[in-house]
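Note sheet for the following structure.
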Amino acid sequence: MTGFLIASFAAFLALAYFRAPAWLWSMGAFLVWLAALLAGFSTAAVIALAAVFIAAALVLNPGSLRRRLISDRGLALFKRILPTMSQTEREAIDAGTVWWDADLFSGDPDWRKLLAFPKPALTPEEQSFLDNETEQLCALSDDWESTQVHQDLSPEAWQFVKDKGFLGMIIPRKYGGKEFSASLHSQVIQKLSTRSSAAAVTVMVPNSLGPAELLMHYGTDAQKDHYLPRLARGLDIPAFALTNPHAGSDAAAIPDVGIVCKGLWQGKEVLGMRVTWDKRYITLGPVCTVLGLAFRLRDPERLLGGEEDLGITCALVPTDTPGVEIGRRHFPLNAVFQNGPNSGKDVFMPIDWIIGGPKMAGQGWGMLMECLAAGRSISLPSSNVGMTKVAARATGAYARVRSQFNTAIGKFEGIEEPLARIGGNLYMMDAARMMTAGAVDLGEKPSVPSAIVKYHVTERARVVVNDAMDVLGGKGICLGPNNFMGRAYQQIPIAITVEGANILTRSLIIFGQGAIRCHPYVLKEMAATREPDARKASRDFDAALFGHIGFTLSMAVRAFVLGITGARLVRVPGGPETRRHYQQLTRLATDFAMLADFCMLFLGGELKRREKMSARLGDILSLLYLSSCALKRFEDDGRPAEDAPLLHWSVQDALYRARLAMDGVIANFPNKLLASVLWRLVYPVGRPFQHPSDELGHKVARLLIAPGAARDRLTAGMYLPQDEADPIGCLEAALVATMAAEPVEARLRKAHKEGGISGSSVEELQRSALAAGIITLEEQAQLQRAAKLRDEVIRVDDFPQDFGRAELDLPAERKAVA
């Protein structure tokens with residue numbers, strides 16, 4: 001009897017684990033009944049098993065009886081409990097495409113599919129633009145000069161941007177643009193961000209969510225022919241105005257309004273709109289010549305023949321239009337890229353100014369969401385990765401050049417800890433940047449991954465910049481031309497705030513959108529509730545509901561089995577360095593899928609309001625995606641052994657963070673009895689996934705403080721000036737000089753300790769060592785060069801008492817005399 005029960009239980013576990021179809025479950029139930037009959041079970045037991053078999057066959061196999069008994073009732077309940085969704089919410093959910101994120105939501109990612117995605121690559125023309133024009137713009141862009149002298153890019157840099165086509169990188173060639181790939185776009189923004197935030201943002205915005213992107217996808221031929229060539233050549237400067245003082249994160253609630261009416265335009269009566277708006281935080285707004293404007297369009301006289309409230313609409317408005325108020329600036333944390341408010345009251349404009357013409361009236365929100373899915377994948381991830389590469393390369397060099405107690409500070413364990421975080425975070429951030437930009441080049445508009453990289457890359461950049469400031473100490477807190485991290489430290493909250501504030505993105509968007517778009521069944525269930533044909537709705541919901549039930553059961557069984565085995569039996573690709581990561585991530589994906597389903601089942605529409613729970617589930621999904629990117633990068637790079645510590649640290653850290661998020665989900669699950677069951681399914685033999693070890697962190701830190709191939713790959717694509725008068729160029733030279741001088745300094749210290757040389761200063765010790773034949777003239781020159789560069793590296797900027805205000809306030813003729 002016991003053996004029979006164990007065998008039956010094991011068989012049903014196997015059916016659930018492998019998500020067997022309904023007919024196979026029915027066959028299994030029949031075989032159990034038949035085995036009981038042949039084994040001589042009692043008549044009562046056989047009858048009971050027969051009843052179970054018949055019930056299982058009716059429930060598991062699709063048919064009208066199952067629909068009437070279960071699915072139709074479930075559909076009615078689902079309609080009642082499903083939270084209402086506005087048109088703008090539905091457009092946001094429907095925007096973009098589903099990509100690798102759907103595999104992660106499946107609970108059983110196909111890792112071979114991930115590795116089959118092509119590695120992003122640049123064309124020769126794109127590589128030339130990156131190596132030449134972009135390098136030249138970096139050389140023209142001095143961040144200190146921009147902030148202290150011009151409060152903007154220099155006039156020379158602005159003209160270079162226009163002349164060389166930086167504003168038209170995404171515009172097709174037939175309109176005079178570059179038609180570059182998303183990967184090149186990302187590389188350009190990354191490189192510029194290692195030099196100047198003003199240069200990066202000035203180039204970034206016109207190539208992201210803005211007039212050019214909207215025109216390319218939705219504009220009329222006449223609009224494209226007029227505006228795109230002018231935008232490509234820099235004859236027009238674009239900006240896009242969405243945010244209203246009363247509608248920031250809730251951008252769909254903008255109160256800006258346009259009224260369809262007739263009016264005079266250039267001496268003729270035309271159909272148009274009177275638009276009133278008040279916008280702020282508009283990048284390039286103060287200098288733009290054409291303004292993309294989002295507002296809610298109303299048609300009280302139904303002149304367009306449709307509804308009165310048409311919805312959010314996007315139009316292109318030349319800023320010299322009468323009534324447009326523009327030009328004033330914001331000052332976002334000492335960043336000097338052009339940004340400011342604009343407004344207008346009852347500004348009349350022709351109806352043809354709507355992007356796409358009158359037929360696109362009311363379609364603006366969907367247009368914006370579609371374009372945001374692509375633009376958000378590139379702009380902020382690229383700029384923040386660039387900033388992080390500066391932090392990693394320069395802070396690592398500083399930690400080797402700067403010494404205390406006769407030891408490079410980078411060799412102290414207290415400094416190794418933040419250096420490890422800097423290196424490990426950057427490795428994963430850059431991997432996510434490359435893979436997500438590559439998805440855009442594959443034709444995807446990855447709405448959920450774009451939200452993931454926006455949030456997690458900018459948050460990790462904040463951690464990296466803070467860690468870099470801690471390592472730099474006093475050098476980091478004194479602003480000046482030699483401070484390479486001060487402006488990044490000031491400006492990091494800007495990236496946290498724009499394109500969807502990070503708190504909102506984490507707590508509402510990542511899981512909220514992912515649960516609907518990426519789940520194998522949720523969107524199908526929701527679609528069935530909106531299906532007007534009752535019979536089709538019944539069939540569709542029945543298929544989705546029982547598919548969902550089977551999926552949830554399978555994930556629960558898989559979670560337990562993978563927990564018991566540690567996922568060591570899962571077949572995965574990769575070599576010995578990565579095999580364990582793939583297995584652990586498969587287990588994590590299964591745990592996530594199960595927890596997500598139970599949260600949706602028991603919380604229902606309330607999950608939308610349980611933002612902390614949603615945020616934790618979003619964290620798990622995000623960490624799965626980021627780890628996938630890191631593994632893909634390692635494979636694409638040819639599995640370099642030197643990079644293995646970076647990969648291991650980043651993935652182990654992600655797994656550990658995911659475990660903490662799962663702990664939070666289970667601890668806050670409303671049904672405590674079920675929570676205890678979930679805990680035992682997820683952690684049947686204890687909690688896995690530990691924080692990266694100190695030894696692994698030591699290996700990562702050592703990669704940052706010495707020249708090498710791994711350090712070069714980690715910081716590839718940043719601007720590296722050769723001029724030793726530049727703070728980064730000086731650090732690079734100082735690191736090489738320090739490495740060359742270290743063994744010579746070690747000999748000097750040993751000789752001094754043993755009494756072989758004497759002296760009260762460094763110079764006297766060197767002369768004594770030279771006389772004793774302990775060092776050569778060449779080695780003395782190495783020591784002197786290293787000391788000179790070290791002094792320059794640790795030097796902190798200082799200024800006159802009035803910070804030079806008196807000089808700035810001099811009249812022009814007196815400045816010439818002075």
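Quick check on residue 440: is it closer than 17 Å to residue 420 by Cβ and open to solvent by 10 Å² or more (accessible area, probe 1.4 Å)? Spelling it out, it is not the case that residue 440 is closer than 17 Å to residue 420 by Cβ and open to solvent by 10 Å² or more (accessible area, probe 1.4 Å). Under the condition of being outside any loop (DSSP other than H, G, I, E, B) and more than 15 Å from residue 584 (Cα to Cα), the residues counted in the stretch 93-104 number 7.
Among residues of the stretch 305-318 being surrounded by fewer than 20 Cβ atoms within 10 Å (Cβ to Cβ) and in contact with a Ser or Thr (Cβ under 9 Å, 6 or more places away or on another chain), the one that is farthest from residue 359 (Cα to Cα) is 318. In the set 189, 170, only one residue is crowded, with 23+ Cβ neighbours inside 10 Å, in contact (Cβ under 8 Å) with a residue 60 or more places away in the chain and under 24 Å from residue 444 (Cα atoms); that residue is 189.
Residues that are under 21 Å from the mean Cα position of the chain (by Cα) and outside any loop (DSSP other than H, G, I, E, B) occur in the stretch 114-128; there is at least one. Against the numbered list (1) in a loop (DSSP other than H, G, I, E, B); (2) under 20 Å from residue 210 (Cβ atoms), residue 186 comes up short only at (1). The condition (being in a helix (DSSP H, G or I), crowded, with 20+ Cβ neighbours inside 10 Å, modelled with pLDDT of 90 or more and aliphatic (A, V, I, L, M)) is satisfied by just one residue among 781, 746, 787, 741: 741. Every condition in (1) surrounded by 21 or more Cβ atoms within 10 Å (Cβ to Cβ); (2) out of contact with any Asp or Glu (no Cβ under 9 Å at 6 or more places or on another chain); (3) aromatic (Phe, Trp, Tyr) holds for residue 412 except the one numbered (1).
Looking at the stretch 503-522, can you tell me whether even one residue there is more than 30 Å from residue 462 (Cβ to Cβ) and among the β-branched types (Val, Ile, Thr)? Yes, because at least one residue in the stretch 503-522 is more than 30 Å from residue 462 (Cβ to Cβ) and among the β-branched types (Val, Ile, Thr). For residues that are among the polar types (S, T, N, Q) and modelled with pLDDT of 95 or more, scanning just the stretch 343-388, find the one that is surrounded by the fewest Cβ atoms within 10 Å (Cβ to Cβ). Looking at residues that are among the polar types (S, T, N, Q) and modelled with pLDDT of 95 or more, I get 343. For the condition assigned to a strand (DSSP E or B) and surrounded by fewer than 20 Cβ atoms within 10 Å (Cβ to Cβ), residue 302 does not qualify.
Pairing each residue of the stretch 103-115 that is of a type in the set (D, E, K, R) with any residue that is in a helix (DSSP H, G or I) and open to solvent by 10 Å² or more (accessible area, probe 1.4 Å), provided the two are 6+ apart or on different chains, yields C-beta distances under 6 Å for 110/103.
The single condition from (1) aliphatic (A, V, I, L, M); (2) closer than 29 Å to residue 280 by Cα; (3) touching a helix residue (DSSP H, G or I) at 6+ places or on another chain (Cβ under 7 Å) that residue 471 fails is (2). Among the residues of the stretch 305-344, the ones that are of a type in the set (Gly, Ala, Ser), closer than 27 Å to residue 193 by Cα and in a strand (DSSP E or B) come to 1 in all.
To keep it simple, each residue is scored yes or no on (1) within 31 Å of the chain's Cα centre (by Cα); (2) within 30 Å of residue 147 (Cα to Cα); (3) of a type in the set (A, V, I, L, M).
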{"residue": "291", "(1), (2), (3)": "yes, yes, yes"}
{"residue": "297", "(1), (2), (3)": "no, no, yes"}
{"residue": "300", "(1), (2), (3)": "no, no, no"}
{"residue": "315", "(1), (2), (3)": "yes, no, yes"}
{"residue": "324", "(1), (2), (3)": "no, yes, yes"}
{"residue": "343", "(1), (2), (3)": "no, yes, no"}
{"residue": "353", "(1), (2), (3)": "no, no, no"}
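For the residues 386, 366, the requirement of being farther than 18 Å from residue 216 by Cα and touching a helix residue (DSSP H, G or I) at 6+ places or on another chain (Cβ under 9 Å) singles out 386. One residue alone among 500, 550, 563, 512 is in contact (Cβ under 8 Å) with a residue 12 or more places away in the chain, in contact with a strand residue (DSSP E or B) (Cβ under 6 Å, 6 or more places away or on another chain) and either of a type in the set (A, V, I, L, M, F, W, C) or surrounded by 19 or more Cβ atoms within 10 Å (Cβ to Cβ) (or both), and that residue is 563. Do you know which residues across the stretch 468-493 are open to solvent by 10 Å² or more (accessible area, probe 1.4 Å) and not in a helix (DSSP H, G or I)? Result: 473, 478, 479, 481, 482, 483, 484. Scanning the stretch 566-599 for residues that are assigned to a helix (DSSP H, G or I), of a type in the set (A, V, I, L, M, F, W, C) and either under 18 Å from residue 622 (Cβ atoms) or open to solvent by less than 10 Å² (accessible area, probe 1.4 Å) (or both) yields 585, 588, 589, 592, 593, 594, 595, 596, 599.
Beta carbons closer than 9 Å, at least 6 apart along the sequence or on distinct chains, pair a first residue in the stretch 527-542 that is more than 13 Å from residue 76 (Cα to Cα) with a second that is loosely packed, with under 15 Cβ neighbours inside 10 Å and at pLDDT below 90 for 539/62; 540/527. Looking across the stretch 674-717, just one residue is without any contact (Cβ under 8 Å) to a residue 24 or more places away in the chain and at positive phi, and that is 686.
The values are calculated or read from the model by the stated rules, or taken from the named source; none is laboratory data. Everything numeric in this text was worked out from a predicted model, so none of it was measured. Because the Cβ atoms are built from the backbone with ideal geometry, glycine has one as well, and the counts that use them run over all protein chains shown. In case anyone asks, the SASA skips ligands and DNA or RNA and just uses the protein heavy atoms, side chains included. Shrake-Rupley method; radii C 1.70, N 1.55, O 1.52, S 1.80 Å.
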